[in-house]
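A short write-up of the structure that comes next.
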Amino acid sequence: MDSLTRDPRAPIDPAIDSPGREGLTGTAPASMYAPAVEREQITIAPDFAPADAQPAWRQDFPIDWPQDLYVERRDFLKFMVLTSAAFTAGQAWIAAQNWYRRQRGQPPVQRIAGIDDLPVAGSLGFTYPDEHEPCLLVRLTTTEFVAFSQKCTHLSCAVIPRPHENSFFCPCHNGRFDLRTGTPTAGPPRRPLTRVVLERRADAIYAIGVEERTV
Ligand code: FES
């Protein structure tokens, strides 16, 4: 049967590379041949055992460059996958926090003190918006009041008002915040104190909200 009449779907003679047919090898499909392996791709283990008989640890610590590069690529891929997963988890956490804040709704309106309860440069502790959040009300002048969370923005120690130094002082690491604005002025804190929004109604001071700030 010549090549013009041969059925192309007929199985190919596996003896295609027999010595007598060397001249025909160019006609065989590529799948007939084992894939070519470059010399430097071949790993010979120190004990000359085949690759699938080697201990698992040897695959993580290859002795040849190609395998070593393969392990580096694999580790890099792992790193990228883990980094992406951590980033995604962080975004999900932020979204959950925002959702939780929205669910909590508006903070309550809460009376803190009467105007005459506090002398100028005096301070008063209270909790707001719930009993777990200690805050400080400070009277700056006869007409000006400020209030901030008492939690230091470094590691949450309780800050102490020092009106004569115009600051809140954190004794844990000597942090300081401006008395009027709550912005950090010394020590490790980098973020301002959480501000309590105040409103004067008749002869009393009320807390009406909380303002978290990053700068
Ligand atoms: S906890 Fe306030 S300065 Fe560190």
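For this structure, a couple of remarks:
- Qualifying residues in the stretch 160-215 (those that are of a type in the set (Gly, Ala, Ser), out of contact with any Leu (no Cβ under 8 Å at 6 or more places or on another chain) and more than 16 Å from Phe126 (Cα to Cα)) - the one farthest from the ligand (Cβ to nearest atom): Ala202
- Scanning the stretch 134-179 for residues that are in a loop (DSSP other than H, G, I, E, B) and of a type in the set (A, V, I, L, M, F, W, C), we see that the one that is nearest to Thr194 (Cα to Cα) is Cys152.
- Cross-chain or 6+ apart pairs with Cβ under 6 Å, the stretch 186-209 first and part of a strand (DSSP E or B), then of a type in the set (Gly, Ala, Ser): Arg195/Gly182; Val196/Ala147; Val196/Ala207; Val197/Gly209; Leu198/Ala147; Ala204/Gly114; Ile205/Ala113
- Any chance Phe126 is assigned to a strand (DSSP E or B), within 16 Å of the ligand (Cβ to nearest atom) and surrounded by 10 or more Cβ atoms within 10 Å (Cβ to Cβ): no
- For the stretch 144-156, the candidate set comprises residues that are of a type outside the set (Ser, Thr, Tyr) and loosely packed, with under 15 Cβ neighbours inside 10 Å; within that set, the residue that is nearest to the ligand (Cβ to nearest atom) is Leu155.
- Any hit, the stretch 33-56, residues being surrounded by 10 or more Cβ atoms within 10 Å (Cβ to Cβ), at pLDDT below 60 and over 30 Å from Phe126 (Cβ atoms): yes
- Flag for Val81 being of a type in the set (Val, Ile, Thr), touching a residue at least 12 places away in the same chain (Cβ under 8 Å) and part of a helix (DSSP H, G or I): no
The values are calculated or read from the model by the stated rules, or taken from the named source; none is laboratory data. Predicted model, so just to flag it, every value in this text is computed and none were measured. For neighbour counting, all protein chains shown are included, and Cβ atoms are generated from backbone atoms with ideal geometry for every residue, glycine included.
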